Structure formats: structure tokens, C-alpha cells
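Below: one structure, written as C-alpha cells.
The values are calculated or read from the model by the stated rules, or taken from the named source; none is laboratory data. On a predicted model such as this, the values are computed, not experimentally measured, just so you know. Cβ placement follows ideal geometry from the backbone for every residue including glycine, while neighbour counts extend to all protein chains displayed.
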Amino acid sequence: MQRHIRSVDDVLVLLDGLFAPEADRWTEQAGDWWDRFYADRDREVPFFVAKPDENLVGYVDRGLLGGGRALDVGCGPGRNAIYLARNGFQVDAVDISAKAIAWASERGEGLGIRFRHGDAFATEGTYDLIYDSGCFHHLPPHRRISYLALLDRALKPGGYFALTCFTAEEGTATPDAELYRQSGLNGGVGYDPDDLRWIFQDFVEVELRRMTEKPASSGAFGKSFLWTALFRKD
């Protein structure tokens, strides 16, 4: 017999294993899947564009975010990390895809961004801003615990946490428990505003809205199938 459960981390790893290996988009083993995803840089993937999120631009323009240390979680090709670096932030950016980090490093060369290939939950240090564009909705329900632990550990008091994630129309609306029975996330978990407010209830809500759709001619990225949220840690 094997008895390996004696901590919360042990339980989280066990729950990871309830999903089929091909459904994994969040553990370090998923890096190979994301490497294949990022292999063709010419694919028409919305967030492959070299543009920052429109909400992030708005936060900076409105003076809500004023510099300091920033962590870009699941940075992909680096578009938001680059924007933050160009606007006075010291930026760390992490992704589980080595190909994404290589692409981001090329794009952000000379900006002093510290790109890291690896597990975002293993991030050390503290930050004035933690930004997530498209990572959270690829996590299964139990990994919200790891996500909240990262925010608790790494976000400074008075710091800001911002994310974009799938609406319930774009992501799956399947209840949490059923996701384990079907052994997959159907491309990503969809959320309602009340879901996000409940999950992040320990933070002060600054703004929560649907992302503004932006045309191809815009200098910012915006898709209306995403929520944008900004929270402050007191």
C-alpha cells in the first residue's frame, strides 16, 4: 500500500493526478504542451500580438499603478511585462513554457526584465504588483489554494493584484466538482463576477469589468470574452 498524504501540498498533488495527463495545463509537466502551443509564432492567436492589455494601460494612465516591483504570472511572449518595464517597473516574469520565455526574452531584450522558466507558485520575493493575463483560468479548482497562497506570500501590503480571465461564456461553466468527474477543464474555467469577488474576498476590489474590445489598429489588446479585475491588498 502507498500512503502519501500528510500535508495540504500532498493533497494538491493527488488532486492534480485526478485529471488526465493530456488535460494538464498548470503543472511543470505541462510545459511541453505549451511549448508546442508557442512553437509557431505566426499563428493567429489573439494574445500573440505585441500589445499590452487595455486594462493594464488604463491602470497606468489613471495613476492607479505607479511603479515598483512587478511579477507577471504566466507571461507568455512577454507583452505585458515589456509594457510594465517601459513604464518604470522592475519586472520579474515567469512561464512554464521554455519557448514562451525564449520569445519574451527576444522581445524584451535590453529592458532589464528577469524572465524565468518555471513554476509561478515557486516564486520568491515580494512585489508591489502581481499581474496575470490568462493564467488563472487554466488552473483547476484546488490550485486556487496555491494561487491565493502566492498572493498572500508575494504581494506587499498596499500592493495591487490584477488579472484577466475567461467569462463563463468563453470558458467552461461546468461546476467545480464536475470538472474532476470529466477529468478536464474544457479549455479553461469560466467565471462570473461574483465568483471572482468570493475567491478574492480578502482583497479590496478596485475595479471589475468586462474587457473592452479593441480593433486590430489599436495599440492595446482587448477582447470582450475576458473579465478584468484589479484588487488591492490592505
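Determine whether residue 62 is of a type in the set (D, E, K, R), at pLDDT below 95 and out of contact with any helix residue (DSSP H, G or I) (no Cβ under 9 Å at 6 or more places or on another chain). Can you show your working first?
Working: of a type in the set (D, E, K, R): yes; at pLDDT below 95: no; out of contact with any helix residue (DSSP H, G or I) (no Cβ under 9 Å at 6 or more places or on another chain): yes.
It is false that residue 62 is of a type in the set (D, E, K, R), at pLDDT below 95 and out of contact with any helix residue (DSSP H, G or I) (no Cβ under 9 Å at 6 or more places or on another chain).
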*Among (1) under 16 Å from residue 155 (Cβ atoms); (2) surrounded by fewer than 17 Cβ atoms within 10 Å (Cβ to Cβ), where does residue 207 come up short?*
(1)
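With the requirement that a residue be among the aromatic types (Phe, Trp, Tyr) and closer than 20 Å to residue 232 by Cα, what does segment 42-86 give you?
Taking segment 42-86 and keeping what is among the aromatic types (Phe, Trp, Tyr), we get 47-48, 59, 83.
Scanning segment 42-86 gives a single hit, 59.
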*Near pairs, Cβ below 6 angstrom, 6+ apart or cross-chain, from segment 108-122 (charged (D, E, K, R)) to any residue that is modelled with pLDDT under 95 and loosely packed, with under 14 Cβ neighbours inside 10 Å*: 119/28
*asked:* Go through segment 193-216 and report how many residues are more than 22 Å from residue 171 (Cα to Cα) and either within 16 Å of the chain's Cα centre (by Cα) or of a type in the set (D, E, K, R) (or both).
replied: 2
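Out of all the residues in segment 38-58, is one or more touching an Asp or Glu at 6+ places or on another chain (Cβ under 7 Å) and of a type in the set (S, T, N, Q)? Talk me through it step by step, then tell me what you get.
Here is the first cut: in segment 38-58, the residues touching an Asp or Glu at 6+ places or on another chain (Cβ under 7 Å) are none.
Taking every residue of segment 38-58 in turn, none turns out to be touching an Asp or Glu at 6+ places or on another chain (Cβ under 7 Å) and of a type in the set (S, T, N, Q).
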*Looking only at segment 189-199, decide whether some residue is crowded, with 20+ Cβ neighbours inside 10 Å, among the hydrophobic types (A, V, I, L, M, F, W, C), touching a residue at least 24 places away in the same chain (Cβ under 8 Å) and touching an Asp or Glu at 6+ places or on another chain (Cβ under 6 Å).*
no
*Which members of segment 49-102 meet the condition of being under 14 Å from residue 131 (Cα atoms), among the charged types (D, E, K, R) and touching a residue at least 40 places away in the same chain (Cβ under 8 Å)?*
53, 54, 69, 72, 79, 95
*From the list 107, 181, 143, which residue is among the basic types (Lys, Arg) and either in contact with a His (Cβ under 8 Å, 6 or more places away or on another chain) or under 29 Å from residue 42 (Cα atoms) (or both)?*
107
